[in-house]
Amino acid sequence: AIPAGGFRDIAVNTLAVMNKTPDAAHWMRFMLSERPAVKPTATTPADGRGPQHPNGYRFGETEDYLQRPAPQGEPGTLELRKGVAFGADVTGNIVRPGDTVTYTIQLAHIGGSAPAATVVSDTLPSGVHLAGRPQVAVDGRISPVTVHVDPTSLGWAGLIDAGTKVQITFPVKVERCFGGVQKEIRNVVYARQTDGTRISADAAFKVHCLELGLDNIEIRRYLALRERAIEDAVVDEPGVDADPIGAAALTGTGDENAIAGYVPGTHTVVRTVVKNNNATAVTLGFSFEKIEWTVVAADPDNGDNSRTTTEEMPTDTNDGGRILRIHLEPGESKTIDLPISNPDRSEVAPDQELQGLSAVKLCLLGEEDRICPDPNVLRRLIVRFLLRRSDLGDGPDSTNHFGVAMDAYPGVPANFPVTNDPT
């Protein structure tokens, strides 16, 4: 009951139904009457005044209120910082391959009265890989708390309340680098400022690379015969002699011989022999390019010789091809055989030759490398060879070919058509 001339505060609970615009203004109807509202008829709504019939209410009131939400406010500014801390295995701030360091990302929302929406992204630089799960510490409130992680980057996107500070820490392991030099690894993190611009912060440290290089890797390439055909690169371990000798004197595993040119129909391969002369073990990456055939003028003085050279590396060193990983202990040797496919000889004139070119890119790899990471420790080796035409005579010697007259018998010239008879 409400005393005459008095008032009473009554808490009225409301329920929002299908509120699709929670941040917009809304109307609310409040009804007051002396008695509970009667059941409405089909045409008259029940409110504080009641329907007009003998049981209607003499006193009643209906009020409509416009509810406006409080102002949202404005976000402040974001401050971004990046740091690096060294682990217990690092002495004197001297980082070496295999050590672990910890990166720190600090994001703070300074000033303002409303949450700020932002995106933080951090791509790991070459030379390190993630070594553990990121840890998130929050002083305030952010949404969500989850950090997105993949093998090469991490990031966060969401809302950060005004006055909130968040710190993300994650460990990384330093990968192998070579050449005995100091290498700087710099990590940059980016975030979106409240005005839409991009802000960044970075941290760097130096790594003392291993005293390893390709100068102590002995490599030879030449043509060889295999007893059986192969369809892809094959790695063997024949125990190759370490002395630098020419292709003509090289021997294989017992059923293979070094040859000077490619004879169609034979199981000929381009053989790469590699030996580690370093004092420590190495992992090498080989990327074999597709063998290319070109038409060249016939050279009678150098017709069957294969030639091996080291050439300039093309600008695009990482072509996305498959990398063959070879691990070599000190003094260990291995061979890699690459099959040769038959070229198209339909447009080769009698005074022309087909020349094959086999190129391989070689580099030193770290434990997690899947491509050659450093162009400074990359080498490209070329071997060129000619397609040998089949002998047309009746003797096994190398002089019996289409350019030399044949003998039917010793001392008796042949007098029958051959495949290159112009008549």
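Each value in this text was obtained by applying a stated rule to the coordinates, not by laboratory testing. Keep in mind that this is a model prediction, so the values were computed, not measured. A quick note on method: Cβ atoms are made from the backbone with ideal geometry, for glycine too, and the neighbour counts reach across all protein chains shown.
Note on Arg8 and Val119: with the Förster distance fixed at 60 Å, the Cβ-Cβ geometry gives a FRET efficiency of about 0.70.
Each label was represented as a point 7 Å from its Cα along the Cα-to-Cβ direction; for Asn216 and Arg141 these points are 6.1 nm apart.
Any of Lys82/Lys165; Lys82/Lys173; Lys206/Lys275; Lys183/Lys334 with alpha carbons more than 19 Å apart? Name them for me. Result: Lys206/Lys275; Lys183/Lys334 exceed 19 Å.
Note on Val188 and Ala349: the model spin-label points, each 7 Å out from Cα along the C-beta direction, lie 5.6 nm apart.
Neighbours of His109, meaning other residues whose beta-carbon lies under 11 angstrom from its beta-carbon, give a summed charge of -1 when Lys and Arg score +1 and Asp and Glu score -1.
Listed from fewest to most Cβ neighbours within 10 Å, the set Cys363, Cys209 follows the order Cys209, Cys363.
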